[in-house]
Amino acid sequence: MRNVKKEIAELLAAQVESLTAEDIEKLIEIPADPKMGDYAFPCFRLAKVMRKAPQMIAADIAKAIEPNALFEKVEQVNAYVNMFIDKQEFARLTLSAVCEQGAAYGNTEGGKGKTVVVEYSSPNIAKPFHIGHIRSTVIGASIAKLYEAIGCKVVRLNHLGDYGTQFGKMIVAYRKWGNKEDVEREPIKTLLSYYVKFHEEAEKDPSLEDEARETFTKLEHGAPEETALWQWFRSESLKEFSRVYDMLDIHFDSYNGESFYSDKMPAVLEELKEKGLLQESQGAQIVDLEPYGMTPALVTKSDGSSLYITRDLAAAMYRKKTYDFDKCIYVVASQQNLHFQQWFKILELMGYDWAKDCVHVPFGLVSLEEGTMSTRQGRVVFLEDVLKRAVEKTREIIEEKGVNTDNMEETAKIVGIGAVIFQELSNYRIKDYTFSWDKVLNFDGETGPYVQYTHARAASVLRASAGSAQAGTDPELVEGAIKAFDISNMDLRYICGDAGYELVKLLYRFPEVVADAADKYEPSVVTRHIVDIAQAYNKFYHDERILVDNEDEKNAKLLLTYAAKQAIANGLALLMMKAPEKM
Ligand code: ARG
C-alpha cells in the first residue's frame, strides 16, 4: 500500500536541507482538529539550525510545495505546515489496497527474514487449567499472530510445567490412595485431589515429605516405574489441556516443557562454574546478583536437585541453538518479573549477547467477581467450564433475540468463545481485571459479539446487494464482484462524507496498528481498533442509505462495506476469532 506519511515526508524533505525524509517522517503529527489538515509538520526544530522564526520557516515551506493529486492543499498555521489530503484519492488508495490484499490486508514486511519464538500458556500439568491461564494462552497466541503479520517466521512453544518436587508428592499420593480409572476419567481434578490429600496427610505425618523428595530424586535419575507414572500423568493432563486449546483454536509447535531440559542442566551448571559465576551458600549453589540490585539466584538446591531458573537457562540456550531466534518472547505473569530479570542477567553474565533478544512480556491478574481463586481450597474456575458456559449463554441470547443464523451450534461457539477471548484482549495486558459475564456477552458494548455482529451486518448488506434472486449467495461471489470494480475510475465522493471518511481513515491505519501492536506486544491495540472500525461502520450504516438507485453511489458504498468487513475479519483473526457471515 502507498504510505501517505512517507510521501509527505519526501515532499517536505525536498524543501528542508537539514533533515532527511526519515527524520521528517518521525516529526509529522496528525492534528487533533481536522481544520488543521490531515498531517502537520512542526518547524520548531528547524528554527535553531536555520536561525529563523519557525512561523517563517513554515510559511516558506508551505509556499514552496506544489499540491499534487494526493495533496490538495498546503497551509501554514503558526509554526506548522498543515497538509490536506484529497479525500477521494486517499479513499481510492486505501480501498484498492484492501481489495488487492483481501485476507492479507494488515500484513506488512518489517519482520521479514526474522525468526521469533513465542512461549505462552505453559501450564503446570496435573494442576487445574483455570481461568487464570487464559491470559498467557490468549495474549501469547495473539502475539504470535501479530509477529506473523509483520512477516516473521514464528515458532510457538508451550513450556509445560511438567517437572519438580510436586511430582514426587503426586506419585506417593497415587500409590497410597490413587485409582487408575479415576485418573483416566477426569485426570486433572483427580490428580489435584491427590495433591490436596497429600498436603492434608503430610500435616499429620511429615515423613511423607521425605518420601516425596526421595521419589522425585528417583524420577530425576530416570527410575523406570516413577518415570512411567509421571509420563502417564503428563499425557493424561495434556489430553485435557488439548481439549481447551482446540476450543480456543490455539496451537503449538512444541510442548517441550521443563522436563525436556532436565538432562541439559548439568552442562549449564558446569558452564556457570567455569565462568566463575557459581557460589556455595549453605550447601546450595547460587549466582550472586547483588551488584545488579537483585536477590541471589538459587540454581541448585542443597540436595543437588535443579530448579526452575536453571531449567529456564537451559531452555533459552537450547532454543537459541535450535531456532537461532532473533527474538524469544516469554508471555508470563508479572509475578515472575524478578525471575526473568534474574536469569536474563545471568545469560548476559555468561557472555551471551543474545540475552538482549529475550523479552519477558508480563501481564496482570484476572480475578473473579466472586473473589480470588485458591487451588488449595478448591476455589478454582476451570477454563473449560467458562468456555462451555459462554457457549451456552450465547445460545440462550441468540434464541431470545431471534438472531439470524444457519447453524446455531456453530454460531454459539464462535460468538461465545470469541467473547471470552475478546474481553481478555480488550484491556492493556499489564492491567489487572475482573472477569464479568455481563461485560463479556453484551452485544452492544465494546465486545466481541458487537464486532462480530457488525461483520455479519456488512455481510448481509453485501448479500442484499446481489439481489433477492441471489439471496444466500456465496460471499466469495458477491465480494469477487466488488473486488473486480475498476476502483481507479470510481466516483468515491459518496463515501467521503463525515461517516464514510472516518471509516476510510481507520481502514488506512489498520496495517500500522497491527505493526504497532506487534512492536508493543499488545494485542489490545488491535482489539480497540476493530471496535473503532465497527463503530464507524455502524455510524455510516445508520447515517447513509447504501443500496440506493444511483449505481455509482451504491457501488462506492458497497466497496466501503466490503473493505470494512474484510478489515474486521482480519482483525478478528489476529485475535483467534472467526467472523460470522450471519448473526
Ligand atoms: N509453568 C509456569 C507457571 O505456571 C510458567 C512457565 C513460564 N515460562 C518460563 N519459561 N518460565 O507458573
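The values are calculated or read from the model by the stated rules, or taken from the named source; none is laboratory data. Here the structure is a predicted model, which is why all the values come from computation and not from measurement. Here Cβ is always computed from backbone atoms with ideal geometry, including for glycine, and neighbour counts include all displayed protein chains. Accessible surface is based on the protein model in full, side chains and every heavy atom, while ligands, DNA and RNA are left aside. Shrake-Rupley method; radii C 1.70, N 1.55, O 1.52, S 1.80 Å.
List of remarks:
- Measuring r between the beta carbons of ASN179 and LYS539 and using R0 = 60 Å, the FRET efficiency lands at 0.50.
- For LYS388, the lysines whose Cα comes closer than 19 Å to its Cα, not counting residues fewer than 8 places off in the same chain, are LYS189, LYS239, LYS413, LYS439, LYS578.
- Lysine pairs with alpha-carbon atoms under 12 Å apart, region 1-76, spacing 8 or more or separate chains: 4
- Here the Karplus relation 6.51 cos²θ - 1.76 cosθ + 1.60, evaluated at θ = phi - 60°, turns the backbone of region 55-66 into coupling constants of 4, 5, 4, 4, 5, 4, 4, 4, 5, 6, 7, 8 Hz, with x for every Gly and Pro.
- C-alpha long axis of helix 265-274 to longest principal axis of the chain, angle in °: 90
- Across region 518-583, the convex hull enclosing all Cα atoms gives 94 Å³ per residue.
- For the cross-link pairs LYS483/LYS554; LYS393/LYS582; LYS176/LYS218; LYS401/LYS565, the ones whose C-alpha atoms lie over 20 Å apart are LYS401/LYS565.
- For the chain, with +1 on Lys and Arg beta carbons and -1 on Asp and Glu, the positive-most of VAL287, GLY132, VAL386 along the dipole: VAL287
- Farthest positive-ward along region 201-352 dipole, Cα basis, beta-carbon charges - from TYR318, ALA333, LEU298: TYR318
- For the chain, the Rg and Dmax computed from alpha carbons only, in angstrom: 28.7, 88
- FRET efficiency for the GLU512 to ALA69 pair, using the beta carbon distance and R₀ = 22 Å, is estimated at 0.50.
- Unit charges at the beta carbon, dipole of the chain: most positive-side option, ASN256, VAL81, HIS529: VAL81
- Of the GluC sites (Glu not before Pro) in region 81-141, those whose Cβ has at most 11 other Cβ within 10 Å and which sit in DSSP loop: GLU109
- Charged side chains reduced to their Cβ positions (Lys and Arg at +1, Asp and Glu at -1) give the chain a dipole of some 460 debye around its Cα centre.
- Of the chymotrypsin sites (Phe, Trp or Tyr not before Pro) in region 415-454, those whose Cβ has at most 14 other Cβ within 10 Å and which sit in DSSP loop: TYR428
- Each Lys or Arg adds one and each Asp or Glu subtracts one; over the other residues with Cβ under 11 Å from the Cβ of SER426, this totals +2.
- Relative protection proxy for 163-169, 320-326, from highest mean packing down: 163-169, 320-326 (other beta-carbon atoms within 10 angstrom).
- Annotation: amide H of CYS152 within the under-5 Å range of GLY111, sequence separation 5 or more or interchain, hydrogens built in the peptide plane.
- Evaluated over region 165-303, the Cα radius of gyration and Dmax, each in Å: 18.4, 53
- Dipole magnitude (debye, nearest 20) for region 456-581, charges at Cβ of Lys, Arg, Asp, Glu: 320
- Summing +1 for each Lys or Arg and -1 for each Asp or Glu among the other residues whose beta-carbon sits under 9 angstrom from that of ALA315 gives 0.
- Highest average first, the peptides 343-350, 399-406, 296-303 ordered by how many other beta carbon atoms sit within 10 Å of their residues are 343-350, 296-303, 399-406.
- Compared with the dominant Cα axis of the chain, that is its longest principal axis, helix 4-13 is turned about 70°.
- Charge dipole of region 71-128 (Cα centre as origin; +1 on each Lys and Arg Cβ, -1 on each Asp and Glu Cβ, all else neutral): 300 debye, rounded to the nearest 20.
- Folded to 0 to 90 degrees: helix 551-574 orientation relative to the chain principal axis, Cα: 20
- Evaluating 6.51 cos²θ - 1.76 cosθ + 1.60 at θ = phi - 60° for every residue in region 312-324, the Karplus couplings come out as 5, 4, 4, 5, 4, 5, 4, 5, 4, 5, 7, 10, 6 Hz, glycine and proline recorded as x.
- Using θ = phi - 60° in the Karplus curve 6.51 cos²θ - 1.76 cosθ + 1.60, the 3J(HN,Hα) couplings for region 511-520 round to x, 4, 5, 5, 5, 5, 4, 5, 4, 9 Hz; x is entered for Gly and Pro.
- Applying the criteria of a DSSP loop state and at most 13 other Cβ atoms within 10 Å to the trypsin sites (Lys or Arg not before Pro) of region 87-136 yields LYS112.
- Estimated FRET transfer efficiency (LEU547, SER488; beta-carbon r; R0 25 Å; 0.05): 0.55
- Computed in the context of the full set of protein chains, the accessible area of the chain at 1.4 Å probe radius has 47% of its extent on carbon or sulfur.
- Mean residue ellipticity (222 nm) of the chain, computed from DSSP H runs ≥ 4 via -39,500 (n - 2.57), nearest 500: -17500 deg cm²/dmol
- Accessible area in square angstrom per residue, the chain, 1.4 angstrom probe: 45
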